[in-house]
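The structure appears below as structure tokens.
The values are calculated or read from the model by the stated rules, or taken from the named source; none is laboratory data. This is a predicted model, so every value here is computed, not measured. All Cβ positions, glycine included, derive from the backbone under ideal geometry; neighbour counts span all protein chains shown. Calculation scope for accessible area: heavy atoms of the full protein, side chains included, ligands and nucleic acids excluded. Shrake-Rupley method; radii C 1.70, N 1.55, O 1.52, S 1.80 Å.
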Amino acid sequence: MATSGAPPSAPVPRARVWAIRLACAIGLALAIGFAYGAWMREAERRHMSAVGVVAEAVVTGHKEVRGSGRGVGGAQYVHYFPVVRFKTAAGAAVEAPLAQRLDLDQIKVGQVTRIVYDPAEPTRAHFAETVAAGVDGTAIYLAVAAIVIGVACAALLFRRRAA
């Protein structure tokens, strides 16, 4: 009778199996969330590339958004979004915050910049160079994280036991 040199493996305790499954389910949920975030960022960029109208805008100030992180410690954060004033192609005056956040020292009141706005919703605006630059780094990082986490969790969750 031929046997392999490897000793038979002990069965995995039931509690450990459920812990692995729970960790994988959470990991897969994170992967789906990361993929959704990447998709939404890219969908917005493509939408603005397709229908956006370029305009010259003047920075009039900033919008400050404060919040706190979740989890242990709950770190506080502050984001600054430049507020710009511009005229639409139809001649309407619009003042709106841009979608990209900047450091406060980068926001210069009176600075003229090129923006892209959605003609159906003029308060939805982005810096023209970020729309023209193509896929942004954050979307790429989110997509890669989704793939890595998803593959690792799926491999762990669906691995086959040796017969």
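For the peptides 17-24, 46-53, what is the packing order when you average, over each peptide's residues, the other Cβ atoms within 10 Å and list the highest mean first?
On the way: 17-24: 12.8, 46-53: 14.4.
My ranking of the peptides, most packed first, is 46-53, 17-24.
Which whole-percent values make up P(r) of the chain when all C-alpha to C-alpha distances are grouped in 10 Å steps starting at zero?
Taking all Cα pairs of the chain, the binned fractions are 9, 24, 25, 17, 11, 7, 5, 2, 0 percent.
With every protein chain kept in place and ligands, DNA and RNA left out, what is the accessible area per residue of the chain? Probe 1.4 Å, answer in Å².
70
Helix-derived [θ] at 222 nm for the chain: sum -39500 (n - 2.57) over DSSP H runs of at least 4, divide by residue count, nearest 500? Kindly include the intermediate steps, with their values, before the conclusion.
On the way: 3 runs with 64 residues, N = 163.
Mean residue ellipticity, 222 nm, calculated: -13500 deg cm²/dmol.
Could you check how much of the accessible area of the chain is carbon and sulfur, as a whole percent, using a 1.4 Å probe? Don't skip to the answer; put the middle values down first.
Details: 7090 of 11410 Å².
Looking at the chain in its full context, I get 62 percent from C and S.
Would you mind computing, in nm to one decimal, how far apart the modelled labels at Ala154 and Arg114 are, each placed 7 Å from Cα along Cα→Cβ?
A separation of 4.1 nm, rounded to one decimal place.
Explain nothing, just the number: dipole magnitude of the chain about its Cα centre with +1 on each Lys and Arg Cβ and -1 on each Asp and Glu Cβ, in debye rounded to the nearest 20.
The dipole magnitude comes to about 920 debye.
Compute the long axis of helix 14-51 from its Cα atoms, compare it with the longest principal axis of the Cα atoms of the chain, and write down the angle in degrees, 0 to 90, nearest 10.
30
Determine the gain in length on full extension of the stretch Val135-Val58; use 0.36 nm per residue of separation and subtract their C-alpha separation, reporting nm with one decimal. Present the calculation step by step, with values, prior to reporting the outcome.
Numbers: separation 77, 0.36 × 77 = 27.72 nm, distance 2.57 nm.
Extending this stretch completely gives an extra 25.1 nm.
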